[in-house]
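Every read-out reported here was derived from the displayed coordinates using simple, explicitly stated rules and does not represent laboratory data. Because the structure is predicted, anything quoted here is derived from the model rather than measured. Cβ sites come from the backbone with ideal geometry, for glycine too, and all protein chains shown count toward neighbours.
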Ligand code: CS2
């Protein structure tokens with residue numbers, strides 16, 4: 001048993017595991033949104049390049065909760081990254097984070113860092129809902145409480161768009177080159193979307209700032225990929241047992257990692273190419289492929305798997321009917337909608353199914369099912385819209401959307417409550433409760449304009465497919481519905 005107080009991970013007991021002199025590392029990046037994903041993805045790439053170029057350390061900021069700072073401050077902001085493959089587990093200590101601020105209590109300090117000339121990149125993993133936008137249109141949502149707050153008090157921002165706009169304003173006033181804004185969230189065209197949101201925010205206060213952002217600030221789009229389930233108590237215990245050091249917040253991930261970035265930076269950038277990042281002129285084909293193939297089938301498996309009683313994605317795809325569904329969905333519905341010349345899609349699909357099947361990754365269906373209202377448009381609805389336009393069948397994609405409708409109703413197939421986490425959960429539950437027949441339910445959900453734009457909401461083939469699937473999910477249940485498709 002490791003004593004958390006006496007054997008806590010720290011610079012003094014982990015120095016030998018870090019491959020560079022951490023005392024020489026200086027901040028070059030402010031990162032907003034310090035969840036497990038960032039710590040397993042971007043921070044690991046940065047960690048790889050600090051030996052050659054120590055000027056790119058990361059100052060992290062959590063926008064909502066102080067818990068990451070509370071956990072990592074006593075261990076010098078170090079943490080263990082655990083890579084679990086099928087047969088092998090590897091441990092590594094990441095030292096790229098130099099400090100963690102909690103935006104709520106350290107806002108001045110955070111803005112001071114964001115205006116420091118040494119900071120040349122402000123990156124974000126604030127999740128889809130952190131952009132305070134309308135997912136169906138990509139536009140800033142002016143009735144979002146955080147945006148209302150930040151427009152009234154722009155020098156005391158609480159939202160990501162408000163913080164970025166404020167820092168860019170302060171830099172402009174001080175004559176400091178703007179930083180590059182690097183969105184690393186699973187949004188469609190995440191750079192362009194972020195640029196539009198921040199510019200819209202700024203324009204409400206100051207036209208000149210909006211024009212400066214449009215003309216002078218780079219927002220490269222990125223495609224990010226690494227599966228990173230939430231850390232569990234068992235992970236903490238197994239890390240302590242394997243490494244002999246107690247880590248209050250290790251991060252567990254898979255061996256696979258990918259990062260594709262558009263090579264457009266306002267100021268300098270690290271030599272990303274030396275650590276395996278792909279730099280391209282246009283990330284859109286890569287991003288479309290990843291969002292529709294990986295995230296689309298992830299969400300499909302999450303809703304149907306949860307309803308069928310599977311706790312983890314690996315259990316879900318261990319059932320041949322579910323694996324077959326995801327395989328067929330990608331092959332016959334998604335692949336045809338993707339641009340040509342983006343590699344061997346069948347091989348990509350097979351590799352994804354193998355990654356989903358990794359039994360060492362305990363990725364809960366419930367975790368992926370979260371925030372569906374923010375995820376559906378880019379993961380599933382784009383594919384459906386493209387296929388409807390071409391007059392092609394949409395059966396499996398529509399089944400995934402119907403499963404979301406069934407899931408957000410908040411009661412599972414055994415009559416137990418589902419803990420639905422979604423910014424729109426209250427509205428979604430009210431639609432489900434007002435209920436009645438599948439026709440009424442589908443019509444109610446299709447009116448949620450943040451998710452379904454008008455042409456899609458009014459597409460008769462889509463509506464009919466949703467009603468048929470919802471009927472089957474309600475009467476037969478998810479497992480039988482999926483099995484009947486496999487016949
Ligand atoms: C997942 C993603 O939680 C989710 O919604 O689909 O986080 C997924 O694991 C990553 O995008 C993989 O790169």
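A few points about this structure:
- Highest average packing first - 4-17, 185-198, Cβ atoms within 10 Å: 185-198, 4-17
- Length gained when the stretch residue 336-residue 12 is fully extended (0.36 nm per residue, less Cα-Cα span): 111.2 nm
- As a calculated quantity, the FRET efficiency between residue 23 and residue 275 at R0 = 22 Å, using C-beta atoms, amounts to about 0.55.
- The angle between the Cα long axis of helix 345-357 and the longest principal axis of the Cα atoms of the chain comes to about 80 degrees, rounded to the nearest 10.
- Counting every other Cβ atom within 10 Å of each residue's Cβ, 450, 214 order from fewest to most as 214, 450.
- Residues 329, 272, ranked from the fewest to the most other C-beta atoms within 10 Å, line up as 272, 329.
- For region 322-420: relative contact order, % (alpha-carbon pairs under 8 angstrom, 6 or more apart): 28 percent
- Computed [θ] at 222 nm, helices only, for the chain once each DSSP H run of length n ≥ 4 contributes -39500 (n - 2.57): -12500 deg cm²/dmol
- Note: relative contact order over region 21-66, using C-alpha pairs below 8 Å and six or more positions apart, is 59 percent.
- Rounded, prolate or oblate (a/c below 1.5 giving rounded, otherwise prolate when a/b exceeds b/c) for region 302-383 by Cα gyration tensor: oblate
- Cβ-Cβ distance of residue 238 and residue 419, R₀ of 22 Å, FRET efficiency by 1/(1 + (r/R0)^6): the value works out to about 0.30.
- Mean sequence separation of contacting Cα pairs (under 8 Å, at least six apart), scaled by the length of region 60-129, corresponds to a relative contact order of 33 percent.
- Working note: Debye formula, equal point scatterers on the alpha-carbon atoms of region 383-423, no solvent; log10 I(q)/I(0) at q = 0.26 Å⁻¹ is -0.83.
- Rounded to 5, the percent of DSSP beta bridges in the chain classed as antiparallel: 35 percent
- Region 422-472 and region 218-260 have Cα centres spaced 36 Å apart.
- Between residue 284 and residue 263, the distance separating the two model label sites (each 7 Å from Cα on the Cα→Cβ line) works out to 2.0 nm.
- From largest to smallest, the equivalent ellipsoid semi-axes obtained for region 173-229 from the alpha-carbon gyration tensor read 25, 13, 9 Å.
- Segment residue 461..residue 65, full-extension length gain: 138.2 nm, with 0.36 nm per residue of separation and the alpha-carbon distance subtracted.
- Relative to the longest principal axis of the Cα atoms of the chain, the long axis of helix 425-434 lies at roughly 10 degrees.
- When Rg and the Kirkwood Rh are both derived from Cα coordinates, the Rg/Rh ratio for region 11-280 amounts to 0.96.
- Centre separation in Å (Cα based) which lies between region 58-79 and region 137-209: 24 Å
- What the Cβ-Cβ distance of residue 137 and residue 351 gives, at R0 = 25 Å and to the nearest 0.05, is a FRET efficiency of 0.15.
- When the inverse distances between all different Cα atoms of region 213-254 are averaged and flipped, the Kirkwood radius reads 13.2 angstrom.
- Estimated D of region 285-486 in µm² per second, where Rh is the Kirkwood radius over Cα pairs and Stokes-Einstein applies at 10 °C, 1.306 mPa s: 95 µm²/s
- Straightening the chain between residue 215 and residue 52 buys 55.4 nm, computed as 0.36 nm per residue apart minus the Cα-Cα spacing.
- DSSP beta bridges in region 11-280 [antiparallel fraction, %, rounded to 5]: 35 percent
- Label-to-label distance for residue 449 and residue 411 is 3.1 nm, based on points extended 7 Å past Cα in the beta-carbon direction.
- Mean projected area (nm²) of the alpha-carbon convex hull when region 50-193 is viewed from all directions: 11.0 nm²
- Taken over the alpha carbons of the chain as equal point scatterers, the Debye sum produces base-10 log I(q)/I(0) values at 0.07 Å⁻¹ of -0.37.
- Residues 251, 408, 280 arranged by fewest to most Cβ contacts within 10 Å: 280, 408, 251
- With the simple spin-label model, which puts each label point 7 Å out from Cα in the Cβ direction, the residue 468 to residue 389 separation comes to 2.4 nm.
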